[in-house]
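The values are calculated or read from the model by the stated rules, or taken from the named source; none is laboratory data. Keep in mind that what you see is a predicted model, and the values were worked out from it rather than measured. Counting neighbours? That spans all protein chains shown, and the Cβs are built from the backbone with ideal geometry, glycine included.
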Amino acid sequence: MTRQTDEIMNENKSLRIVALALIAIPIILIAIRIKENGGYSQIGANYKYIINYEYYFQSEKDYSIRTFLPVNNQRQQIFLNNSHSETFGSVFLDGPNKLIEWKGAAEKRKISYQFEFNGKPISYDIQESLGYKAYFDENLKEYLSASDLIQSEDARIAELATELSRGKTTALAIIQSFYDFVYQMPSSSSSELTDAVMALDRREASCNGKSRLFVALCRNVKMPARVVGGLILEETAKKTSHSWIEILVNDTWVPFDALNGHFASLPAHYLELYKGDHFLIKRSKDLTFDYLYVIKKERAHDYPTFAMLNVWELMDDAGIPQDMFKMILLLPFGAFLVAIFKNVIGIKTYGVFLPVLISLSLLETGLVAGLTLFSIMIGIVALVNFPLEKWGIQYNAKITTMLIAVVLTALVAIQFLHTTGWLSASAPLFFPIIILTIVSERVARKIEEEGTKSALELYGTTLLTTILIYSVLSSTLIQNFVLTFPEIILTVAGINLLLGKWIGLRVMEYYRFLNVTNG
Amino acid sequence: MAKTMNWIQKIANIRSKVMGMNERNLSFIYPNNSRKNYKYADDKCLTKSILHQHQIACPTTYAVIDSIGKIEQAWQSVSEWNEFVIKPAKGAGGKGIMILKKKEGLWHSQGNVISDHEVCTHIANVIFGIYSFGDSDVALIEEYVRPHRIFHQIFPEGVPDIRIILLKGVPLMGMLRMPTRQSNGKANLHQGGLGIGIDMTTGRLKDAYDGEKHIAFHPDTQNPVAGITLPHWDEIIAMSVMAAQNFPLDYLGVDLVIDDRKGPMIMELNVRPGLGIQLANREGLKEALERIENQKTIK
């Protein structure tokens, strides 16, 4: 072997080592991060909340303080942070609810109880065809009958319920009618105890009053309903709790918040503490008492330990929108996909990065609408090329004129979209103006040099590549993965290096060269 | 079952014989042509000066225009000629080439009368680099090659050229590129021209490939193509080898034309010669390329 081939061998060896290191190291790092952060749960950091009940009190004699503790359900997951949270408190269950009670003799004390909340939004589709059904189930009696504060049998409530449900035959229509009535009532900030009838009389109520009225209306028409209590979570320290309701629809308890406008849905930051018409805190009478809910908002599922760069945290701290991080982190993936399409499959496109850039724009505009808009703009601007070419306009002047045509087209498109509402009016602005100009010019030149057919063919393969890249990049799993574990782009670099040394035939070449061996 | 076997056979056959784009780039172009030497092929002025040094025939240069300010003066000086070609020195794929002929005192291009002003604009575009990937360029005005009469018999329009692919000075495959009515006087395969394989020892033409199928006749004139022997074949091969030996580019496509009076001339060199030549010849390049590449290593 000559010296030269030795060198080539060494080059290949060092390349392979670098490539394999680039591929493996991030994967190992990610594995360590997952392990050190309590194992894999989910990716895509959403917010978690750390809630602290803080009670300050002074008592001259025996006392008891009782409150609700959250339980896990479909919407919320609760983690206890520190074991001494429950110090001196005894925990017990009461129906669907979990309570904690602190008891003691004369003393001055501060109690704090801390837990972590992880929630997700929920929303239900109530089928329009679902008929109204009156329940007379003995098991549901609790949710069908009147109580002191929910006077569902009161004449005024009955009158209103009859009026609101008149002529309505489906569960959805009746609920919607009740909801609209309660939702449209002005809200009051009064902390006075408001029952259902009072709320109706005053045509004004806080969350509690609205919830009781809504439940009373439902119960009046024999739809099982109940009040639900909890906290709306935000980064703050507060005293206000919140209440909303649940209605049993087709054997499922469906949430409604007629104060904040959540119909058959709840957002992620609603902490549910109890079911039923209760008070959050119940305590002995002669107690000097104060309380506060201290809530901290933090990222969850961002695997912070051993993160060289925590993008989620950076996003929050630096106030940078998620979309911007998403764009730069998805760019390498898109470019890598183009490399595969070109070098492994053999699909040709206008420009190497063009399909990636269009795909990223499409994440904002939506696939079909975005591509249609893009193609129309390219088509219009490409037409401008022909008179310019005919007049023999010098290149620099020509491309500037086409750039102006792009800007004008974008402005007209914005005006058009604004008028028709067909698509967000800002959609044309997501396409990089320079890219539109260059592609238009290249399409036009291709038409001139090789005919409309091959220009359109190349445009077709460009769009095909774009759609395939879009379908990968639009996956929230992939987006969340790169935002959580940005080190993965080094792995992409490693695979890309190996791809750069791959000498196999491209898939399309088998087709292209079929005739070589046919003879 | 038999059909599947047939397909597997076909794919295996293509794999073992055909040179693909990836392997061409990685195993032949990169190791054999150092990037700093691309300029000897990409810049036609540089190519010609080296060809001149070694007395290898190429079309006579009438003028080289390297700045917009010199256009008018140069245009005056070449006006004495009755026909010539304007081309960008760094152009590729036949882009930006303008053939001018004087008839009754007026300049014609592609059959249409063209004004002095239009010609000067074209030259300015060339210099500005619109045909050369945006880099500024130089416009080359050179003699018009009158294709050998043998080509006239097949198809009377445009200038056919011959592409020879060489590795380390060994000619491996050749192809004649012939214009068609569809290709508008241009000989490039992807613009609708014909690719005609050549028997390397005799210079005899094989069937023509029109991008879809092989045919024995020119599609526009129905004149036979296959079986015609190219004139000056030995000279063409000798010139290609000489060029390959005198340029620091070991994997090379040499493009030649045959002038009716002056014989073969080298038009340009190509460091990234296309792979369509395999289709024109119905023969893969892989085995031949690998054989030559390996010979050198053992030595």
Practice item. With respect to B:Trp81, determine if the residue is of a type in the set (A, V, I, L, M, F, W, C), over 23 Å from B:Glu268 (Cα atoms) and modelled with pLDDT under 95. Key: no
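Do we find a residue being aromatic (Phe, Trp, Tyr) and within 20 Å of B:Leu249 (Cβ to Cβ) anywhere in segment B:129-147? Let's see the steps before the verdict.
Pass one, segment B:129-147, residues aromatic (Phe, Trp, Tyr): B:131, B:133, B:144.
Add one more test, that the residue is within 20 Å of B:Leu249 (Cβ to Cβ), and what stays is B:133.
Scanning segment B:129-147 turns up at least one residue that is aromatic (Phe, Trp, Tyr) and within 20 Å of B:Leu249 (Cβ to Cβ).
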Point to revise | Residue among A:Leu20, A:Leu29 that alone is part of a helix (DSSP H, G or I), at pLDDT 90 or above and touching a Phe, Trp or Tyr at 6+ places or on another chain (Cβ under 8 Å) | key: A:Leu29
Point to revise | Residue list for segment B:144-171, filter: assigned to a strand (DSSP E or B), more than 16 Å from the chain's Cα centre (by Cα) and surrounded by fewer than 20 Cβ atoms within 10 Å (Cβ to Cβ) | key: B:Val170
Exercise for review: Scan segment B:241-287 for residues that are more than 12 Å from the chain's Cα centre (by Cα), more than 30 Å from B:Ala12 (Cβ to Cβ) and among the polar types (S, T, N, Q) and jot them down.
Suggested key: B:Gln245, B:Asn246
Study note, to complete from the structure: When restricted to A:Leu483, A:Leu497, the only residue within 42 Å of the chain's Cα centre (by Cα) and within 14 Å of chain B (Cβ to nearest Cβ) is A:Leu497
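One line per residue, one yes/no per condition, for (1) away from chain A (no Cβ under 14 Å); (2) in a strand (DSSP E or B):
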| site | (1), (2) |
| --- | --- |
| B:Tyr30 | no, no |
| B:Lys36 | yes, no |
| B:Cys45 | yes, no |
| B:His52 | yes, no |
| B:Pro59 | yes, no |
| B:Ala74 | yes, no |
| B:Gly91 | no, no |
| B:Lys101 | yes, yes |
| B:His117 | no, no |
Practice item. With the checklist (1) out of contact with any helix residue (DSSP H, G or I) (no Cβ under 6 Å at 6 or more places or on another chain); (2) outside any helix (DSSP H, G or I); (3) closer than 28 Å to B:Arg177 by Cα in hand, flag the one item B:Ile130 doesn't pass. Key: (1)
Point to revise | Residue within segment A:257-275 that is modelled with pLDDT of 90 or more, over 27 Å from A:Ile65 (Cβ atoms), charged (D, E, K, R) and touching a Phe, Trp or Tyr at 6+ places or on another chain (Cβ under 6 Å) present | key: yes
Exercise for review: Report, by residue number, each residue of segment A:338-365 that is assigned to a loop (DSSP other than H, G, I, E, B) and modelled with pLDDT of 85 or more.
Suggested key: A:Gly346, A:Ile347, A:Lys348, A:Thr349, A:Tyr350
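Of all the residues that make up segment B:27-37, how many are of a type outside the set (D, E, K, R), surrounded by fewer than 16 Cβ atoms within 10 Å (Cβ to Cβ) and either closer than 10 Å to B:Tyr251 by Cα or out of contact with any Leu (no Cβ under 8 Å at 6 or more places or on another chain) (or both)? Lay out the reasoning, then the answer.
First, pick out the residues of segment B:27-37 that are of a type outside the set (D, E, K, R): B:27-34, B:37.
Then drop every residue that is not surrounded by fewer than 16 Cβ atoms within 10 Å (Cβ to Cβ), which leaves B:30-31, B:34, B:37.
If we keep only those that are either closer than 10 Å to B:Tyr251 by Cα or out of contact with any Leu (no Cβ under 8 Å at 6 or more places or on another chain) (or both) too, we end up with B:30-31, B:34.
Within segment B:27-37, residues that are of a type outside the set (D, E, K, R), surrounded by fewer than 16 Cβ atoms within 10 Å (Cβ to Cβ) and either closer than 10 Å to B:Tyr251 by Cα or out of contact with any Leu (no Cβ under 8 Å at 6 or more places or on another chain) (or both) number 3.
Is there a residue in segment B:216-227 that is aromatic (Phe, Trp, Tyr) and surrounded by fewer than 21 Cβ atoms within 10 Å (Cβ to Cβ)? Let's see the steps before the verdict.
Within segment B:216-227, the subset aromatic (Phe, Trp, Tyr) is B:217.
From what's left, surrounded by fewer than 21 Cβ atoms within 10 Å (Cβ to Cβ): B:217.
Yes - at least one qualifying residue is present in segment B:216-227.
Do we find that A:Tyr459 is in contact (Cβ under 8 Å) with a residue 40 or more places away in the chain, in a helix (DSSP H, G or I), more than 13 Å from chain B (Cβ to nearest Cβ) and over 22 Å from A:Leu330 (Cα atoms) in this structure?
The answer is yes for A:Tyr459.
So which residues in segment A:33-69 are in contact (Cβ under 8 Å) with a residue 40 or more places away in the chain and surrounded by fewer than 13 Cβ atoms within 10 Å (Cβ to Cβ), if there are any at all?
Kept after step one, since they are in contact (Cβ under 8 Å) with a residue 40 or more places away in the chain, are these residues of segment A:33-69: A:33-34, A:36-37, A:41-69.
The answer is A:Ser41, A:Glu60, A:Lys61, A:Asp62.
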**Study point:** Failed item, numbered, when A:Ile320 is tested on (1) free of Cβ contacts under 8 Å to residues at least 12 places away in the same chain; (2) part of a helix (DSSP H, G or I)
**Key:** (2)
Point to revise | Lone qualifier among B:Glu283, B:Glu287, B:Glu212 - being surrounded by 18 or more Cβ atoms within 10 Å (Cβ to Cβ) and not in a strand (DSSP E or B) | key: B:Glu283
Practice item. Could you give me the residue pairs with C-beta distances under 8 Å whose first residue belongs to segment A:504-518 and is facing chain B (nearest Cβ under 7 Å), whose second residue is surrounded by 15 or more Cβ atoms within 10 Å (Cβ to Cβ) and among the acidic types (Asp, Glu) wherever it lies, and which are 6+ apart or on separate chains? Key: A:Gly504/B:Glu23; A:Leu505/B:Glu23; A:Val516/B:Glu283
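The rows are residues; the columns are (1) in contact (Cβ under 8 Å) with a residue 60 or more places away in the chain; (2) surrounded by fewer than 24 Cβ atoms within 10 Å (Cβ to Cβ); (3) not aromatic (Phe, Trp, Tyr).
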site	(1), (2), (3)
A:Asp201	no, yes, yes
A:Glu204	no, yes, yes
A:Leu217	yes, no, yes
A:Val221	yes, yes, yes
A:Ala225	yes, no, yes
**Study point:** Boolean, B:Ile68 is among the β-branched types (Val, Ile, Thr), free of Cβ contacts under 8 Å to residues at least 24 places away in the same chain and within 12 Å of another protein chain (Cβ to nearest Cβ)
**Key:** no
**Study point:** Residue satisfying all of: in segment A:143-160; over 14 Å from A:Met198 (Cβ atoms), in contact (Cβ under 8 Å) with a residue 40 or more places away in the chain and part of a helix (DSSP H, G or I); farthest from the chain's Cα centre (by Cα) among these
**Key:** A:Ala158
